[in-house]
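Read-outs: derived from the displayed coordinates by stated rules, not from any lab. A quick note: this is a predicted structure, and the numbers were derived from the prediction, not measured. Methodologically, a virtual Cβ is constructed for each residue, glycine included, from the backbone with ideal geometry; neighbour enumeration extends over all protein chains shown.
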Amino acid sequence: MSRLRIISLAHRATWSDVVSQDAIEKMCSLKEGSSSCCCWLNLNENPDGKRRRRRSGIYKISKVKRENYIVAHFIIDNEISEDYKCLEKILQEDGCLPDGIDVPTAIPKATKIILIFNLRKGLCYSFYPGALLNFEIIQQCLSDLEKETRIPLKAARLFYYNRDILEKITIVAKSLGYKPYLSKGDFDTVKITAEGDLDSNYDWKAYEESLNDNEKWTVIGYRRSTNHFDDLFRLYNRKKSSDIALPETEELGYDDDLVDRILNIQLIFEKALGKEICDYCFPEPITTLSQFSI
C-alpha cells in the first residue's frame with residue numbers, strides 16, 4: 001500500500017521572500033548536465049568496483065498539468081543485511097558447497113520515492129509507492145537540491161498529526177462527503193478489523209461505542225466516491241504520526257488525479273487544525289531582510 005508524508009519546505013516568510021517565478025525553471029534545469037549535480041543519481045563506481053557510498057539521488061524531473069507543481073523521482077539502494085545468508089553461503093559454511101559453485105554477491109534492492117513539489121505553497125508531498133524510509137534520507141536530498149538551485153529547502157520540517165485531532169478530522173471529512181469505511185483495533189489478545197459502510201451500520205456503531213477506548217483503535221479509513229475514482233485514505237491513531245496510507249493509488253500514476261487526492265487530504269487536515277500546514281509546521285514569527293525598512 002502506498003504511503004504519503006507532507007513536508008513543509010520553509011517558513012512562510014522565508015518562502016515568499018526568496019522563491020520567485022523561476023523556481024520551476026531552476027528545478028527543471030537539473031536535467032541538463034545532471035551528472036555533476038550532488039542531488040542527481042550517480043551510477044559511477046570506483047575503479048576497484050566498490051561503491052563510494054549507498055547510491056541515491058533524483059533521476060527524473062517532470063511537470064504535471066497543474067500550475068506551479070514539479071515532480072522529482074528519487075531512488076535509493078536499500079542497505080544489505082549482513083545477517084542474511086543465501087543458500088550457497090550456508091552450504092559453504094557447513095563444508096557442503098560443491099566444487100565449482102560460487103557464492104553469489106548480494107545485490108541490494110532499491111526503493112523509489114516520488115517528491116511532488118507544490119512551489120506556490122512551499123510544500124512537498126513525499127509519496128512512497130513501496131517501503132517507507134527515514135525522513136533523514138529526504139532531508140539530505142532536499143539539502144542537496146538547495147545547493148544546486150538556491151531554493152530554501154534544507155530547513156524543511158515533516159508534518160505530524162496526533163490522535164487529539166482525529167475526532168475533528170472525522171467531522172471535517174464527513175462534511176466533505178467522506179464516510180468511515182475501515183476501523184482496525186488492537187485489544188490486547190484480540191484484533192478487530194471492520195470494513196464497509198461503517199457510518200450506516202448501527203449495530204457496528206453501537207459495538208464500537210461500547211468498547212469506549214479510542215486509543216485501542218489503531219487505523220481509521222475514510223472513503224468518498226467521485227466520478228473518476230474512489231477517494232480513500234487511512235490515518236494511524238498514535239500519539240504522533242506522519243504517515244498517511246493511500247490505498248488504490250497504484251493505477252493513478254503521478255499526475256493530477258493523485259495530486260487531487262493529496263490536496264483533498266491536505267484540506268481536511270487544515271480545516272481540522274484551523275490553520276495551513278505550513279503555519280502549523282513553522283509557528284514561530286520571523287522577520288526577513290526584505291521586511292526591514294532602510
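Label points 7 Å out from Cα along the Cβ direction at Ser62 and Leu132: separation in nm?
Each label point lies 7 Å from its Cα, and together they span 2.6 nm.
For Cα pairs less than 8 Å apart in space and 6+ apart in sequence, what is the mean separation divided by the residue count of the stretch 163-281, i.e. the relative contact order in percent?
Value for the stretch 163-281: 24 percent.
Wrap a convex hull around the Cα atoms of the chain, take a quarter of its surface area, and give that in square nanometres.
If I average the Cα hull's projected area over directions, I get 22.7 nm².
Averaging sequence separations of C-alpha pairs under 8 Å and six or more residues apart, then dividing by the length of the stretch 50-196, give the relative contact order as a whole percent.
Here the relative contact order equals 14 percent.
Based on other C-beta atoms within 10 Å, arrange Leu91, Leu133 from fewest to most.
Leu91, Leu133
Can you tell me the relative contact order of the chain? Whole percent, Cα pairs under 8 Å, sequence separation 6 or more.
The value is 23 percent.
Over the residues of the stretch 73-120, compute the C-alpha Rg and express it relative to 2.2 N^0.38 Å.
1.93
Would you pull out the residues with amide H under 5 Å of Thr249's amide H, same chain only if 5 or more places away, H placed 1.01 Å from N?
Long-range HN contacts for Thr249: Ser2.
Expected output is a single nm value to one decimal: the length gained when fully extending between Phe187 and Lys275, i.e. 0.36 nm times separation in residues minus the C-alpha distance. What is it?
28.3 nm
What net charge is computed for the residues neighbouring Glu67, neighbours being all others with C-beta under 13 Å from the C-beta of Glu67, Lys and Arg scored +1, Asp and Glu -1?
+4
Could you work out the Rg to Rh ratio of the stretch 193-237, with Rh taken as the Kirkwood radius (inverse of the mean 1/r over all Cα pairs)?
1.02
To two decimal places, what compactness ratio does the stretch 163-281 give when its Cα radius of gyration is scaled by 2.2 N^0.38 Å?
1.09
Using Cβ contacts closer than 10 Å as the measure, can you line up Lys65, Lys168 from fewest to most?
Ascending Cβ contact count within 10 Å gives the list Lys65, Lys168.
Tell me, Met27, Met1 in order of fewest to most beta-carbon neighbours within 10 Å?
Listing Met27, Met1 from fewest to most nearby Cβ atoms yields Met1, Met27.
Using helices alone, what [θ] at 222 nm do you get for the chain, with -39,500 (n - 2.57) per DSSP H run of 4 or more residues, divided over all residues and rounded to the nearest 500?
The per-residue figure over the chain is -7500 deg cm²/dmol.
Between their Cα atoms, which of Lys112/Lys179; Lys239/Lys271; Lys184/Lys240; Lys63/Lys112 are more than 24 Å away from each other?
Exceeds cut-off: Lys112/Lys179.
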